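Q: Dumping the structure here so I can ask a few things about it.
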Ligand SMILES: *Cc1c(COP(=O)(O)O)cnc(C)c1O
């Protein structure tokens, strides 16, 4: 008898399944903690402040309308974003998390004879998407934990369709600046689409945010990926968007599901965009948290990668062992062996109290090792 595996597409059955971790309640129970509040998670680069109060209120108000399908054209969200970013609604496509944009890009641009170029230590989902569409992956070594744009240019081949630049990059918390991007964009061949994954861009002070929107306005072959998961504290709702010239948005729109973005998410996102105070508090919390972590790590003699957004790579020896030991203390961070950085863990900046608990746990764990 044939198995499901026999019937499946051969390139699918060998794919690794993305490990997303177990619920924090289960981890707490397994480790013998009395309450989930004893366990805290600095692992997924979420906003420790939570969602904006304005988003919460909007969600409450709209809860009774959830028997209706969402607005499939995302009219009001596109209006709000277009106004905020000073672009046209036709240059926007809201999605079920910005990860959905990656999948749509795969449908439109990838296949067995296509390829992508990405940095070796960039966001791992690019690789997963390429594998689903049987596309070839060229990984380019980073320089100093940062995208090496010259080397990425060199790596572009005739079959390359997409080049991914995660900026700021997860998991390194480094970035390339506008000048480096401008040089890259002046040389990149026109048979590739350059994808700037800007999941963390709003966390940077405005003067440090590279202007990539200008390339959209000029009609260049670029797609920007943004999200409400990080800065806006709405990761649970799954909402992000693509920004691109309208001709590209039209193509991406052909392969999306009719109601890909849920109504609660759009309601919250529109409200969250208005809350400048929440954004300001978020940036301040991160700045303070990074200063604290960097000071403590230096004092402990640990090297770290200077961070630009709300997470930091720190070198701890055996990252996997330290991750396990921290977990026993009730702290969940992210080991980095899957990114080829077995000596490191990635820690998300939390509230001041969480950061202090984290440093105490790290000191204890390292003293025991
Ligand atoms: C978190 C993250 C995303 C966001 O994904 P969503 O699907 O919007 O939650 C995208 N890219 C990078 C590099 C990230 O770290």
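The numbers here are math on the coordinates, done by the rules we state, and not lab data. This is a predicted model, so every value here is computed, not measured. Glycine also receives a Cβ, built like all others from the backbone with ideal geometry; neighbour counts cover every protein chain displayed.
Q: If you take the square roots of the eigenvalues of the alpha-carbon gyration tensor of segment 1-104 and sort them as a ≥ b ≥ c, do you get rounded (a/c under 1.5), prolate (a/b over b/c) or oblate?
A: Oblate.
Q: Going by the alpha-carbon gyration tensor, a ≥ b ≥ c the square roots of its eigenvalues, is segment 181-295 rounded (a/c under 1.5) or, if a/c is not under 1.5, prolate (a/b greater than b/c) versus oblate?
A: Cα axes put segment 181-295 in the oblate bin.
Q: Hey, another quick one. Quick check: the distance between the Cα centres of segment 167-222 and segment 294-369, to the nearest angstrom?
A: If you average the Cα positions of each part, the centres end up 29 Å apart.
Q: If packing is taken as the mean number of other Cβ atoms within 10 Å per residue, what is the order of 159-167, 145-153, highest first?
A: Packing proxy ranking, top to bottom: 159-167, 145-153.
Q: Sticking with this structure for a sec: Could you give the length gained by full extension between residue 280 and residue 24, i.e. 0.36 nm per residue of separation minus their alpha carbon distance, to one decimal place?
A: Result for the pair: 89.3 nm of gain on full extension.
Q: Could you work out the relative contact order of the chain? I mean the mean sequence separation of Cα pairs under 8 Å and 6+ apart, divided by the number of residues, in percent.
A: Rounded, it is 22 percent for the chain.
Q: Given R₀ = 35 Å, what would the calculated FRET efficiency be for residue 299 paired with residue 124, taking r from the Cβ atoms and rounding to 0.05?
A: That gives a FRET efficiency of 0.65.
Q: Separate question: Kindly state, to the nearest 0.05, the FRET efficiency for residue 214 paired with residue 151, given R0 = 22 Å and r defined as their beta-carbon distance.
A: Calculated value: 0.35.
Q: Sticking with this structure for a sec: Give the distance, in whole Å, between the Cα centre of segment 79-156 and the Cα centre of segment 12-57.
A: Rounded to whole Å, the Cα centres lie 26 Å apart.
Q: Label residue 71 and residue 7 with points 7 Å out from Cα along Cα→Cβ: what is the distance between them in nm?
A: Here the answer is 4.2 nm between the modelled labels.
Q: While we're looking at this one, here's another question. Please give the peptides 106-116, 20-30 ranked by average Cβ packing (other Cβ atoms within 10 Å per residue), highest first, as a rough proxy for protection.
A: 106-116, 20-30
Q: State the antiparallel share, in %, of DSSP beta bridges confined to the chain, rounding to the nearest 5.
A: 45 percent
Q: Using per-residue counts of other Cβ atoms within 10 Å, averaged over each peptide, order 328-334, 137-143, 341-347, 195-201 from highest down.
A: 195-201, 341-347, 328-334, 137-143
Q: Further, regarding this structure: Going by a ≥ b ≥ c, the root eigenvalues of the Cα gyration tensor, does the chain fall in the rounded group (a/c under 1.5), the prolate group (a/b larger than b/c) or the oblate group?
A: rounded
Q: State the extension gain, in nm to one decimal, for the chain segment bounded by residue 364 and residue 254, taking 0.36 nm per residue of separation less the distance between their alpha-carbons.
A: 34.3 nm
Q: Apply 1/(1 + (r/R0)^6) to the Cβ-Cβ distance of residue 113 and residue 247, taking R0 = 22 Å, and write down the FRET efficiency to the nearest 0.05.
A: 0.50
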